[in-house]
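Below: one structure, written as structure tokens.
The values are calculated or read from the model by the stated rules, or taken from the named source; none is laboratory data. Here the structure is a predicted model, which is why all the values come from computation and not from measurement. A quick note on method: Cβ atoms are made from the backbone with ideal geometry, for glycine too, and the neighbour counts reach across all protein chains shown. Calculation scope for accessible area: heavy atoms of the full protein, side chains included, ligands and nucleic acids excluded. Shrake-Rupley method; radii C 1.70, N 1.55, O 1.52, S 1.80 Å.
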Amino acid sequence: MIKKMFFLFISLFIFTYAQASETRYNLPTENSPFIGSDNAPVKIIEFIDYQ
Amino acid sequence: MKELAGKVKLVIKFFPYRYRDYSRIAAEAAIESWRQGKFAEMHELLIKRSPKLDRDSLISYAKELNLDVEKFTKAIDNQEGAAIIDRDLKLAKELDLYVTPAFYINGIKVLGVRDSDYFKNIIFKELENAKKK
């Protein structure tokens with residue numbers, strides 16, 4: 001039983017991992033500073049640590 | 001990357017590591033510069049001068065960019081950007097991020113430092129996609 005659960009977990013993990021590369025995240029950008037033109041076709045969100 | 005002028009919008013989210021001395025105050029400096037209308041300039045300067053990001057250095061960068069230094073100093077001392085930083089940190093946590101830089105290019109996640117060709121590839125693909133629409 002434990003073994004079965006383990007395999008289920010692993011396959012679920014692999015499945016979600018494979019899906020992840022196709023995922024497009026929709027993140028909020030209001031009230032954040034930006035560089036470039038506001039309505040540009042490509043929008044890059046960067047999480048940065050300056051140090 | 002002149003060819004990309006007008007085609008890319010770069011939105012910055014702040015993800016200062018808790019255990020680095022100047023991460024947080026540097027983010028405060030960026031936010032106050034944004035409020036004074038010089039975000040791009042300060043953003044570039046912070047990256048260029050990092051890790052020299054102690055309070056005195058930040059104030060000298062503000063001077064260099066002709067910011068209102070008194071207002072700037074007050075802002076970083078009083079952590080006036082805290083609400084923005086904490087909001088971004090919360091978002092990073094929700095996204096399970098633990099490395100910087102982390103990018104989302106039209107929503108596609110890219111983690112860690114990559115060479116410029118890697119980014120160009122994705123950006124040009126996205127521009128092609130945008131044309132088709």
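With a 1.4 Å probe and every protein chain kept in, tell me what percent of the accessible surface of the protein assembly as shown is carbon plus sulfur.
56 percent
Given a 1.4 angstrom probe, what's the average accessible area per residue across chain B, in square angstrom? Write down the numbers at each step before the final one.
Values: 7660 Å² over 133 residues.
Averaged over the residues of chain B, the accessible area is 58 Å².
Computed on protein heavy atoms with a 1.4 Å probe, what is the summed buried accessible area for the chain pair A and B, in Å² to the nearest 100?
3900 Å²
Quickly work out the B:LEU111-to-B:GLU70 label distance, labels modelled 7 Å from Cα along the C-beta direction, and quote it in nm with one decimal.
Once both label points are built, they end up 4.7 nm from each other.
Can you spot the lysines whose alpha carbon is less than 18 Å from B:LYS120's alpha carbon? Ignore those fewer than 8 places along the same chain.
Answer for B:LYS120, where 18 Å is the Cα cut-off: A:LYS43, B:LYS2, B:LYS7, B:LYS9, B:LYS109, B:LYS131, listed by chain and number.
Can you give me the three principal axis dimensions of chain B from its C-alpha atoms, in Å, biggest first?
Over chain B, Cα extents along the principal axes are 50, 32, 24 Å.
For the range B:59-133, what are Rg and Dmax over the alpha carbons, in angstrom?
In order Rg, Dmax, the Cα atoms of the range B:59-133 give 18.0, 50 Å.
Roughly speaking, what is the stretch gain from A:LEU27 to A:PHE6, that is 0.36 nm per residue apart minus the C-alpha to C-alpha distance, in nm to one decimal?
Contour length minus Cα-Cα distance gives 4.3 nm.
Rounded, prolate or oblate: which fits the protein assembly as shown, taking a ≥ b ≥ c as square roots of the Cα gyration tensor eigenvalues, rounded meaning a/c under 1.5, else prolate when a/b beats b/c?
Working: a/c = 2.54, a/b = 1.49, b/c = 1.70.
Oblate shape, in that a/c is at least 1.5 and b/c is the bigger or equal ratio.
Put +1 on the Cβ of every Lys and Arg and -1 on every Asp and Glu Cβ in the range B:2-95; which of B:TYR61, B:PHE15, B:ALA83 then has its Cα farthest towards the positive end of the dipole?
Positive-end residue among those listed: B:PHE15.
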